[in-house]
Amino acid sequence: EKGGFDHFMLKEIYEQPKAINDTYRGRLLREDAIIKMAGVEDNMKKFLNANRFIIVACGTSWHAGLVAEYIFEDLARIPVEVEYASEFRYRNPIITEKDVVIAISQSGETADTLAAIKLAKSKGAFVFGVCNVVGSSIARETDAGAYTHAGPEIGVASTKAFTTQITVLTLIALRLARAKGTISSSDFRHYLLELEMIPKKVEKALKADAHIKEIAYIYKDVSNFLYLGRGYNFPVALEGALKLKEISYIHAEGYPAAEMKHGPIALIDENMPIVVIATKTGHYDKVVSNIQEIKSRKGKIIGIVTEGDVTVRELADHVIEVPDTLESLTPLLTTIPLQLLSYYIAVMLGKNVDQPRNLAKSVTVE
Ligand code: M6R
């Protein structure tokens with residue numbers, strides 16, 4: 001049932017090329033230069049007339065929501081707020097009929113997300129679900145939705161659910177951008193082409209597996225990790241830190257790289273490994289200067305870089321390469337080494353990777 005892998009988590013990490021492909025299959029029609037998603041087409045007016053989107057989710061799904069915030073605002077020019085479902089539902093939030101609420105949930109059973117949806121519906125908002133589990137409570141409770149089609153995710157640590165959520169949300173953003181005219185038809189075609197190449201590029205990113213294992217071995221006994229990223233890769237830094245803490249029980253924090261100097265920099269010494277996402281698209285020079293700041297404080301740098309990178313390679317203690325792609329699609333690639341790094345550290349520490357202590361696959365209590 002684990003298909004020859006030691007754990008479901010590793011199997012699911014390796015399933016991502018196929019899962020992402022399954023997510024866009026039948027929806028991304030590159031030759032016709034269209035994106036077809038019934039849940040979006042049938043409700044186009046609601047999406048286009050919305051004053052703003054409010055994304056509600058928990059955990060890893062919330063991180064996918066943060067990536068979506070960048071992509072919706074960037075491509076479709078729609079204001080987006082991303083909320084922890086648990087905070088949103090108890091905050092007496094301002095919700096109107098002009099809001100579109102997008103709930104993201106792998107299991108479709110997360111109690112806080114479900115409650116947030118019910119609240120939004122009672123205020124007249126249009127509620128759209130992005131779920132993996134077909135027929136789940138959230139899928140049934142929402143007005144419309146799009147499934148991720150990732151297939152069953154058994155490992156408690158979410159992996160393929162995250163990358164497929166980002167894929168679905170990217171498709172939606174592109175479809176809306178096309179409808180609104182905020183993307184040119186040539187840029188739109190370029191996106192479709194790049195999206196179609198993602199599964200192959202994920203496969204390539206997975207080839208760093210043995211190298212990542214070596215890095216895991218060096219750092220497995222530390223008690224703290226920092227993860228830094230900017231722009232589209234800030235949420236990936238959060239996700240990398242969550243992955244590590246939930247399965248290895250090593251304390252880890254994710255930060256926007258520029259926030260480092262507002263506090264976390266005080267933590268840096270020769271014992272602190274810092275994973276920095278420094279792909280060549282998107283604030284590269286700024287991230288490089290953040291890396292220099294870390295280096296002058298003797299922190300250990302693990303850089304996630306674009307293939308062929310030279311600058312970070314010279315500064316960092318280790319680099320892990322991912323293929324080049326459009327800036328907004330980099331999270332689909334930079335996430336991969338972070339998943340593998342946390343996986344190998346947890347395995348080396350003898351932790352129960354698929355069922356970490358104190359955690360459940362779906363959190364059905366608030
Ligand atoms: O099923 P959901 O996507 O609603 O679950 C949300 C979180 O409980 C979930 O992502 C959790 O954070 C994972 N264990 C992360 O790996």
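The values are calculated or read from the model by the stated rules, or taken from the named source; none is laboratory data. Treat the numbers as computed from the prediction; the structure is a model and nothing was measured. Here the Cβ is made from the backbone with ideal geometry for all residues, glycine too, and neighbour counts use every protein chain on show. Side chains are part of the model used for accessible areas, which takes the heavy atoms of the whole protein and leaves out ligands, DNA and RNA. Shrake-Rupley method; radii C 1.70, N 1.55, O 1.52, S 1.80 Å.
Of note:
For every residue, the table says whether it meets (1) more than 16 Å from the ligand (Cβ to nearest atom); (2) part of a strand (DSSP E or B); (3) free of Cβ contacts under 8 Å to residues at least 40 places away in the same chain.
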residue: I183; (1), (2), (3): yes, no, no
residue: S186; (1), (2), (3): yes, no, yes
residue: H190; (1), (2), (3): yes, no, no
residue: M197; (1), (2), (3): yes, no, no
residue: E203; (1), (2), (3): yes, no, no
residue: E214; (1), (2), (3): yes, no, yes
residue: L228; (1), (2), (3): yes, yes, no
residue: Y232; (1), (2), (3): yes, no, no
residue: A237; (1), (2), (3): no, no, no
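- Residues that are within 29 Å of M9 (Cβ to Cβ) and of a type in the set (S, T, Y), drawn from the range 237-286: S248, Y249, Y255, T279, T281
- Residue list for the range 148-180, restricted to those being open to solvent by 10 Å² or more (accessible area, probe 1.4 Å) and more than 26 Å from Y343 (Cβ to Cβ): R175, R178, A179, K180
Residues checked against (1) within 16 Å of the ligand (Cβ to nearest atom); (2) part of a helix (DSSP H, G or I); (3) among the acidic types (D, E):
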residue	(1), (2), (3)
E31	no, no, yes
G39	no, yes, no
F47	no, yes, no
V56	yes, no, no
A64	yes, yes, no
A68	yes, yes, no
I71	no, yes, no
L75	no, yes, no
I78	no, no, no
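- Residue match in the range 107-118 (condition: more than 10 Å from the ligand (Cβ to nearest atom), open to solvent by 30 Å² or more (accessible area, probe 1.4 Å), among the basic types (K, R) and part of a loop (DSSP other than H, G, I, E, B)): no
- Look at the range 350-366: where a residue is under 22 Å from L114 (Cβ atoms) and open to solvent by 80 Å² or more (accessible area, probe 1.4 Å) and a partner is within 11 Å of the ligand (Cβ to nearest atom) and not in a loop (DSSP other than H, G, I, E, B), sitting 6+ places away or on another chain with Cβ atoms under 6 Å, you get T364/A111; V365/A111; E366/A111; E366/D112.
- Breaking point among (1) modelled with pLDDT under 95; (2) touching a Pro at 6+ places or on another chain (Cβ under 6 Å); (3) of a type in the set (A, V, I, L, M), for I304: (1)
- Residues of the range 126-140 that are within 13 Å of the ligand (Cβ to nearest atom) and open to solvent by 10 Å² or more (accessible area, probe 1.4 Å): N132, V133, S137, A139.
- Candidate set: the range 33-58, residues that are among the small types (G, A, S) and open to solvent by less than 40 Å² (accessible area, probe 1.4 Å); chosen: the one farthest from I183 (Cα to Cα): A57
- Which numbered condition V310 misses (of (1) among the hydrophobic types (A, V, I, L, M, F, W, C); (2) touching a helix residue (DSSP H, G or I) at 6+ places or on another chain (Cβ under 9 Å); (3) open to solvent by 70 Å² or more (accessible area, probe 1.4 Å); (4) more than 16 Å from the ligand (Cβ to nearest atom)): (2)
- The residues on offer are I94, I102, I71, and the sole one that is within 22 Å of A144 (Cα to Cα), in contact with a Leu (Cβ under 7 Å, 6 or more places away or on another chain) and of a type in the set (A, V, I, L, M, F, W, C) is I71.
- Cβ-Cβ distances below 7 Å connect no pair with a first residue in the range 24-38 that is small (G, A, S) and modelled with pLDDT under 95, a second residue that is surrounded by 11 or more Cβ atoms within 10 Å (Cβ to Cβ) and part of a strand (DSSP E or B), and a separation of six or more residues or different chains.
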